[in-house]
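Enquirer: Provided herewith is a single structure, encoded as structure tokens, for subsequent inquiry.
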Amino acid sequence: MNYTQRQKVGTVIKYVILILVGFVMIYPLIWMVGATFKTNNEIFSNLTPFTAHPTLDGYKNAMNDYGGQINLFKSMVNTYSYVLPKVLFTVISCTITAYGFGRFNFVGRNVLFSVLMATLFLPQVVMNVPQFILYNNFGWVDSPIYLPLIIPSLFAFDTYFVFMLIQFLRGIPRELDEAATIDGCNAFQTLTMVICPMLKPAIVSCALFQFMWSSNDYMGPLLYVKDPTRYPATIFVKLSMDADTGFDWNRVLAVSLISIIPSLVVFFCAQDQFIDGISAGSVKG
């Protein structure tokens, strides 16, 4: 077997392994879709996603409300009424913060950056109690516009994104900033017209991460949202598990599947920019 043949065989083996691994990873989602068309007995009888007697009861029951206060689509509207502003404010605040640390020298810069990075090691569970006390004193708990969930994003609260953007920013030549200054741009114009277009893959990655994390957040809404009419989809999925009448797992899985469709659509629409941002940010030093 010559070199060309060995290379072809190696390529085939790699693709076979990648296909098998990909199938194993995506199979739970395939099973989940198939299980929404099964009865409870069928769901627990085998691991195949196919059924001989499909039913739409899971999707019909998924549309039920709870006490006339909340239903699936209302909960999804509630979810994105705070997720979208949170994504927007996170991108703006983290980009400005990263630009400040990455391009300007000021007194205390290294100390402040060290403190900023140190917050990455604080688990969210440690901050839940002091944050709740603070927001409760502000009168933000059970705010109709989800202030405790949105306002922190105005102040670059998610330091991981700041760090990610700084790493990407280090790969952008400073000569571009100097050329923009010579052309008459101030610092803000340099950021918006020169830096941001080059940061686009990293910014899309930050927005996508924040969109998915915020959409899947359960603890935040559980702490700060008290009115059932304002519950997001994550809490509605929990409500769909009715312990009094028994779990209709096809309904639970149907609710879960419908609630994650927007995240899947957003991810597939932005996957090219997302991959560019992750790969570029990982090699910048």
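Enquirer: Using a 1.4 Å probe over the heavy atoms of the protein chains, calculate the carbon and sulfur portion of the accessible area of the chain as a whole percent.
Expert: It is 69 percent, rounded to a whole number.
Enquirer: Next question, about the same structure. Calculate, for the chain, the solvent-accessible area per residue in square angstrom, rolling a 1.4 angstrom probe over the heavy atoms of the protein chains.
Expert: 58
Enquirer: Taking the Cα centre of the chain as origin, sum charge times position over the Cβ atoms of Lys and Arg (+1) and Asp and Glu (-1), and report the length of that vector in debye to the nearest 20.
Expert: Around 600 debye, computed over the chain.
Enquirer: To continue, here is another question. Considering only protein heavy atoms, what is the solvent-accessible area of Ile260 at a probe of 1.4 Å, reported in Å² to the nearest 10?
Expert: The accessible area of Ile260 comes to roughly 50 Å².
Enquirer: Let me ask something additional. Once you order the gyration tensor axes a ≥ b ≥ c over the Cα atoms, which shape class does region 136-200 get: rounded for a/c under 1.5, otherwise prolate or oblate by comparing a/b with b/c?
Expert: Since a/c reaches 1.5 and a/b is larger than b/c, the shape of region 136-200 is classed as prolate.
Enquirer: Okay, helix-only estimate at 222 nm for the chain: each DSSP H run of n ≥ 4 adds -39500 (n - 2.57), divide by all residues, round to 500 deg cm²/dmol; what do you get?
Expert: Here the helix-only value at 222 nm equals -21500 deg cm²/dmol.
Enquirer: Another question, then. Explain nothing, just the number: relative contact order of the chain, from Cα pairs under 8 Å at least 6 residues apart, as a whole percent.
Expert: Relative contact order of the chain: 30 percent.
Enquirer: While we're on this one: In Å, the Kirkwood hydrodynamic radius of region 118-238 over pairs of distinct alpha carbons?
Expert: When all Cα pairs of region 118-238 are included, the Kirkwood radius is 17.0 Å.
Enquirer: Give me the count of lysine pairs in the chain whose alpha carbons sit under 22 angstrom apart, restricted to pairs 8 or more positions apart or on different chains.
Expert: So the count works out to 11.
Enquirer: What accessible area, in Å² to the nearest ten, does a 1.4 Å probe give for Tyr224?
Expert: 10
Enquirer: Taking the Cα centre of region 1-116 as origin, sum charge times position over the Cβ atoms of Lys and Arg (+1) and Asp and Glu (-1), and report the length of that vector in debye to the nearest 20.
Expert: With Lys and Arg at +1 and Asp and Glu at -1, about 600 debye.
Enquirer: For a quick check, take a GNM of the chain with Cα springs below 10 Å and name the residue from Val125, Val162, Val225 with the largest mean-square fluctuation.
Expert: Val125
Enquirer: Follow-up question, since we're still on this one. Rounding to the nearest 10 and keeping the result within 0 to 90°, find how far the Cα-based axis of helix 200-215 lies from the longest principal axis of the chain.
Expert: Helix 200-215 sits roughly 40 degrees off the main axis of the chain.
Enquirer: Which residue fluctuates the most in the chain, going by a Gaussian network model with Cα springs under 10 Å, if the choices are Ile17, Ile150, Ile133?
Expert: Looking only at Ile17, Ile150, Ile133, the biggest GNM fluctuation is shown by Ile17.
Enquirer: Most mobile of Cys94, Cys269, Cys206 per a Gaussian network model of the chain (Cα springs, under 10 Å)?
Expert: Cys269
Enquirer: Can you sort Met193, Met241 by solvent-accessible area, 1.4 Å probe, largest first?
Expert: Most to least solvent-accessible, the answer reads Met193, Met241.
Enquirer: Stokes-Einstein D for the chain at 4 °C, 1.567 mPa s, Kirkwood Rh over Cα pairs, in µm²/s?
Expert: Here the translational diffusion coefficient equals 58 µm²/s.
Enquirer: Over 10 Å intervals from 0, what percent of Cα-Cα pairs in region 56-195 sits in each interval?
Expert: All Cα pairs, binned at 10 Å, distribute as 10, 27, 28, 19, 11, 5, 1 percent.
Enquirer: Got a sec? Charge dipole of the chain, +1 on Cβ for Lys and Arg, -1 for Asp and Glu; which of Thr55, Met219, Val107 is way out at the positive end?
Expert: Val107
Enquirer: Please give the length that would be gained between Phe268 and Ala52 if that part of the chain were fully extended, namely 0.36 nm times their separation in residues minus their C-alpha to C-alpha distance (nm, one decimal).
Expert: Extending this stretch completely gives an extra 74.7 nm.
Enquirer: Assuming R0 = 45 Å, can you tell me the calculated FRET efficiency for the pair Thr4 and Met198, based on Cβ-Cβ distance, to the nearest 0.05?
Expert: 0.65
Enquirer: On a 0 to 90° scale, report how tilted helix 72-103 is relative to the longest principal axis of the chain, with both axes built from alpha carbons and the result rounded to the nearest 10.
Expert: Around 20 degrees separate the two axes.
Enquirer: Here is a follow-up. Would you mind computing, in nm to one decimal, how far apart the modelled labels at Ile17 and Trp31 are, each placed 7 Å from Cα along Cα→Cβ?
Expert: 2.5
Enquirer: What is the percent of Cα-Cα separations in region 78-143 that go past 13 Å?
Expert: Of all Cα-Cα distances in region 78-143, 77 percent exceed 13 Å.
Enquirer: Figure the gain on full extension for Lys226 and Thr181 (residue separation times 0.36 nm, minus the Cα-Cα span) and round it to one decimal in nm.
Expert: Using 0.36 nm per residue and subtracting the Cα-Cα distance, I get 11.1 nm.
Enquirer: So what's the angle, to the nearest 10 degrees on a 0 to 90 scale, between helix 109-118 and the longest Cα principal axis of the chain?
Expert: Value to nearest ten degrees: 10.
Enquirer: For the chain, with the dipole built from +1 on Lys and Arg beta-carbon atoms and -1 on Asp and Glu ones, taken about the Cα centre, which of Thr39, Ser259, Met164 lies farthest toward the positive end?
Expert: Highest projection toward the positive end goes to Met164.
Enquirer: Cβ neighbours within 10 Å, averaged per peptide: list 166-174, 196-204 in order, most packed at the top.
Expert: Descending packing order for the listed peptides: 196-204, 166-174.
Enquirer: Read phi for every residue in region 123-139 and hand back ³J(HN,Hα) as whole Hz from Karplus 6.51 cos²θ - 1.76 cosθ + 1.60, θ = phi - 60°, with x for Gly and Pro.
Expert: Ordered by residue, 3J(HN,Hα) equals x, 4, 4, 5, 8, 4, 5, x, 5, 5, 4, 4, 5, 5, 5, 6, x Hz.
The values are calculated or read from the model by the stated rules, or taken from the named source; none is laboratory data. Everything numeric in this text was worked out from a predicted model, so none of it was measured. We place every Cβ from the backbone using ideal geometry, glycine too, and count neighbours over all the protein chains shown. Remember, those area values only see protein heavy atoms, side chains included, never the ligands or the DNA or RNA. Shrake-Rupley method; radii C 1.70, N 1.55, O 1.52, S 1.80 Å.
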